[in-house]
1. What ranking, highest mean first, results for peptides 169-176, 390-397 when packing means the other Cβ atoms within 10 Å averaged over each residue?
2. Please find the FRET efficiency linking residue 248 to residue 151, where r is the Cβ-Cβ separation and R0 is fixed at 41 Å, and quote it to the nearest 0.05.
3. Taking 0.36 nm per intervening residue step and subtracting the Cα-Cα distance, what contour gain separates residue 233 from residue 168 on full extension?
4. What span do the alpha-carbon atoms of the stretch 183-414 cover on each of the three principal axes, reported in whole Å from largest to smallest?
5. By per-residue mean of other Cβ atoms within 10 Å, what is the highest-first order of 214-226, 348-360?
6. On a C-alpha basis, how far is the centre of the stretch 397-420 from the centre of the stretch 249-265 in Å? Whole number, if you could?
7. What FRET efficiency, computed as 1/(1 + (r/R0)^6) with R0 = 45 Å and r the Cβ-Cβ distance, is obtained for residue 289 and residue 181, rounded to the nearest 0.05?
8. Take peptides 278-284, 148-154 and line them up by average Cβ neighbours within 10 Å, highest first, as a rough protection proxy.
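Bear in mind these aren't lab numbers, they're just calculated from the coordinates by the rules spelled out. As the structure is a prediction and not an experimental result, all values here were calculated from the model. Virtual Cβ from ideal backbone geometry, glycine too; neighbours counted across all protein chains shown.
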């Protein structure tokens, strides 16, 4: 029921200690464009360190800023990162990051910027600079936002409690338009309750991974939607159960740095390819004991490697208190969610919308969503689709793994046909 906006207070304290003791390398030979970025961020970061109580780091950062000024003046041109020069992107869309179909290169632009270490082929977090395993576009895509994450343009807009006008249907309307041969797709939605299972219980014998692993055999999931799961590469590798195959079979994309980071989408990399992704703020918790900040929805479009069928997958962790729609109310929250589908789903997409909505079937949020996208479960965890009722072949609950939510799973059959 809690939040996917950030780790708990305990986790933030650990992160603070790590930050205060982490040595941020200052290289004396850097390319001039990256020096400019480092100079701006260093000048503002010294104040941030001081406010965090990291006095020694604040002093070091201030001195580093002076050194950077000198280096910028001297105009050093070589790069210690051994990366080709990439211009800072000024045309980044917070709504969608498009990638070429079939482009399998792992890049930060395609999979997003992180504040944790992943098990991916190359890295898109600040740790990669020191460890020497940055993706080729890290410097251009992620580095400018490491020390000013709230300004990250990929977080998407927040319009407050003012939805963006009438809801226009996506291309082809709200009903799935069949094409090609039929295709079965298996989906999991699961809130593993990070603060309790991972932090308080130390991973509970890697129970989250065990729930997923046991349910994914013999028939694996095509898509996984986690809510309140800060770091899948850490959370699925706790001691007590070996589920390493999951991190080989699935790739994960997560909320961008600077915003809610507990929303995660995983997909079978040998079956599906990522076309595009994005996220947007859609609600905010009401002030009080259950206030954790703004809530967002994260989406991604995928293409099936064999059939070419496309899926629009969206994942959402709803605002609190439960059933209220947050400070903006259920109608505004649902309207914002439907706008994301309408603006980003494409003709022929099967829409699959999962999440811990913190909203029951009788709530305004679920009622409004259900008027356009049928829902399949009776609780606050749900799966909405644009498919006919006959497309739901099976559905059910899984174990909870110690969470206050069981996993929910549904097997869908995307009908075949010819697009008009």
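1. Per-residue Cβ counts within 10 Å, averaged per peptide and sorted highest first, yield 169-176, 390-397.
2. Approximately 0.70, to the nearest 0.05.
3. Length difference between fully extended and current span is 19.6 nm.
4. For the stretch 183-414, the Cα spread along each principal axis is 44, 43, 32 Å.
5. Result, highest mean Cβ count within 10 Å first: 348-360, 214-226.
6. 19
7. Computed FRET efficiency for residue 289 and residue 181: 0.30.
8. On the way: 278-284: 24.7, 148-154: 15.7.
Peptide ranking by packing, descending: 278-284, 148-154.
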